[in-house]
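Worksheet for the structure shown next.
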Amino acid sequence: MINISGKEKMEEFIWNNYQNKKIIVIYFGAEWCGPCAKLKEKIEESIEEMPNLAICHLDIDDDENNEIFDLYRGKSIPLQVFITLDGNKIVEKKRILGYDWINFILTYKEFNEENEENKENKENNNEENEENEENEDINDDKPEIDE
């Protein structure tokens, strides 16, 4: 988990981790918030069990992060927002309010399975394309029969 301050650094974090095919979570909290500290500690303890997770922590007491919290229509903390990119647009996939570890883990597993399925489909499509190209090459090498 990385602590971030400001929209520009958050967007850079999102872009870098999206390119690396990570599950991206924006985690809003505050130092004075007991459930926030408890959830942050739980995530840090469990991060090795979630290798495809990229999570940034934004403390809402930081003025730059408070503006981002408002952009995400945050009403209470802790708030975890699972996101992805659609072109250059950040898209919210799911949000979890409060300390809900079970929901956090289940959401991670769901999105991790989706990522794995997408990787498999992409690999299968690449293999099919390679086979089709090989077949085209083979057909190109066949002698023509004069009739």
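Taking into account only those residues within the stretch 49-89 that are among the small types (Gly, Ala, Ser) and loosely packed, with under 14 Cβ neighbours inside 10 Å, which is nearest to residue 11 (Cα to Cα)? That would be 87.
From the list 13, 28, the lone residue that is free of Cβ contacts under 8 Å to residues at least 60 places away in the same chain, touching a Gly at 6+ places or on another chain (Cβ under 6 Å) and surrounded by 12 or more Cβ atoms within 10 Å (Cβ to Cβ) is 28. The number of residues in the stretch 50-98 being among the charged types (D, E, K, R) and either in contact with a helix residue (DSSP H, G or I) (Cβ under 9 Å, 6 or more places away or on another chain) or part of a loop (DSSP other than H, G, I, E, B) (or both) comes to 9. State whether one or more residues within the stretch 44-55 are acidic (Asp, Glu) and touching a residue at least 60 places away in the same chain (Cβ under 8 Å). No: the stretch 44-55 contains no residue that is acidic (Asp, Glu) and touching a residue at least 60 places away in the same chain (Cβ under 8 Å).
If you go through the stretch 72-99 and keep only what is of a type in the set (A, V, I, L, M) and touching a residue at least 12 places away in the same chain (Cβ under 8 Å), you end up with 77, 79, 81, 83, 85, 90, 96, 97. Taken as a whole, the structure places residue 36 among residues that are touching a strand residue (DSSP E or B) at 6+ places or on another chain (Cβ under 6 Å), in contact (Cβ under 8 Å) with a residue 24 or more places away in the chain and not in a strand (DSSP E or B). Just to be sure before I move on: is residue 113 without any contact (Cβ under 8 Å) to a residue 12 or more places away in the chain and either outside any helix (DSSP H, G or I) or of a type in the set (Asp, Glu) (or both) in the structure I sent? Considered against the rule, which asks whether it is without any contact (Cβ under 8 Å) to a residue 12 or more places away in the chain and either outside any helix (DSSP H, G or I) or of a type in the set (Asp, Glu) (or both), residue 113 comes out as yes.
Every read-out reported here was derived from the displayed coordinates using simple, explicitly stated rules and does not represent laboratory data. Bear in mind the structure is a predicted one, so any value in this text is a computation, not a measurement. Here the Cβ is made from the backbone with ideal geometry for all residues, glycine too, and neighbour counts use every protein chain on show.
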